[in-house]
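Here's the structure, in structure tokens; my notes come after.
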Amino acid sequence: MKQVRNTPAKQLISGLIADSGRALSYAEIQEGSAGKCDRVTIYRILERLENEGHIHRVAHSDGVVRYAVCSTCAHGSEHHHHHVHFLCRVCGEVTCLEGVIPEFKLPRKYVAEEMNFSVSGRCPKCSE
Ligand SMILES: [Zn+2]
Ligand SMILES: [Zn+2]
Ligand SMILES: [Zn+2]
């Protein structure tokens, strides 16, 4: 029964993130859900969506954790994208640049397990 009760909230939150076309912070998600979900519910749903490969976490140097939609991750498998996240210093929006994947080579015996590429500057809306 718990599963059924949570479904509309889960759809609401995943739809919110998907429709925004950018990465949303917890505060923005809470605002977008218009008080329909409490704090714990939102965190649980975000965790579940992340585990299911629908969304990924975006960490940025401003310390705010945001969530963005996954376009290539399979449900239940590990996240496997290492694209750039762009933070606009003017409007504060964080966007996934899925086509931009930096390449580098680590020294011998260094094994990379997690990568986080973030770029700050001005987005197309703000650079004109
Ligand atoms: Zn993913
Ligand atoms: Zn901007
Ligand atoms: Zn992303």
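If a residue must be at pLDDT 85 or above and surrounded by fewer than 14 Cβ atoms within 10 Å (Cβ to Cβ), how many such residues does the stretch 60-84 contain? Break it down into steps so the answer makes sense when it comes.
Initially, the stretch 60-84 is screened for residues at pLDDT 85 or above, giving 63-70, 83-84.
So of that shortlist, the ones also surrounded by fewer than 14 Cβ atoms within 10 Å (Cβ to Cβ) come out as 63, 65.
So the count comes out to 2.
Every condition in (1) near ligand 1 (Cβ under 10 Å from one of its atoms); (2) touching a His at 6+ places or on another chain (Cβ under 7 Å); (3) closer than 27 Å to G121 by Cβ is met by I55 except one, and the failing one is (2).
For the stretch 85-102, filtered to residues that are more than 13 Å from ligand 1 (Cβ to nearest atom), of a type outside the set (A, V, I, L, M) and modelled with pLDDT under 90, the residue that is farthest from S20 (Cα to Cα) is P102.
Pull up the stretch 61-71, narrow it to residues that are in contact (Cβ under 8 Å) with a residue 24 or more places away in the chain and either near ligand 3 (Cβ under 9 Å from one of its atoms) or under 18 Å from A18 (Cα atoms) (or both), then point me to the one that is farthest from the chain's Cα centre (by Cα). Step by step, filter the stretch 61-71, then rank; the result is S71. E114 - would you say it is in a loop (DSSP other than H, G, I, E, B), within 15 Å of ligand 2 (Cβ to nearest atom) and modelled with pLDDT under 90? No: the conditions fail for E114. Look at the stretch 85-104: where a residue is farther than 22 Å from S25 by Cβ and a partner is aliphatic (A, V, I, L, M) and surrounded by 12 or more Cβ atoms within 10 Å (Cβ to Cβ), sitting 6+ places away or on another chain with Cβ atoms under 8 Å, you get I101/V84; P102/V84.
Could you tell me whether any residue of the stretch 34-55 is within 12 Å of ligand 3 (Cβ to nearest atom), at pLDDT 90 or above and under 20 Å from R89 (Cβ atoms)? Looking for residues that are within 12 Å of ligand 3 (Cβ to nearest atom), at pLDDT 90 or above and under 20 Å from R89 (Cβ atoms), one finds none in the stretch 34-55, hence no.
Of the residues in the stretch 100-109, none is within 15 Å of the chain's Cα centre (by Cα) and either part of a loop (DSSP other than H, G, I, E, B) or of a type in the set (F, W, Y) (or both).
Applying the selection to the stretch 85-115, what residues are surrounded by 10 or more Cβ atoms within 10 Å (Cβ to Cβ) and touching a His at 6+ places or on another chain (Cβ under 9 Å)? Break it down stepwise before answering.
First, pick out the residues of the stretch 85-115 that are surrounded by 10 or more Cβ atoms within 10 Å (Cβ to Cβ): 85-98, 100-102, 115.
H85, L87, V94, T95, C96, L97, E98, V100, I101, P102, M115 - these are the residues of the stretch 85-115 that are surrounded by 10 or more Cβ atoms within 10 Å (Cβ to Cβ) and touching a His at 6+ places or on another chain (Cβ under 9 Å).
The values are calculated or read from the model by the stated rules, or taken from the named source; none is laboratory data. Given the structure is predicted, the values throughout are model-derived calculations rather than measurements. Cβ: placed from backbone, ideal geometry, glycine included. Neighbour counts: every protein chain shown.
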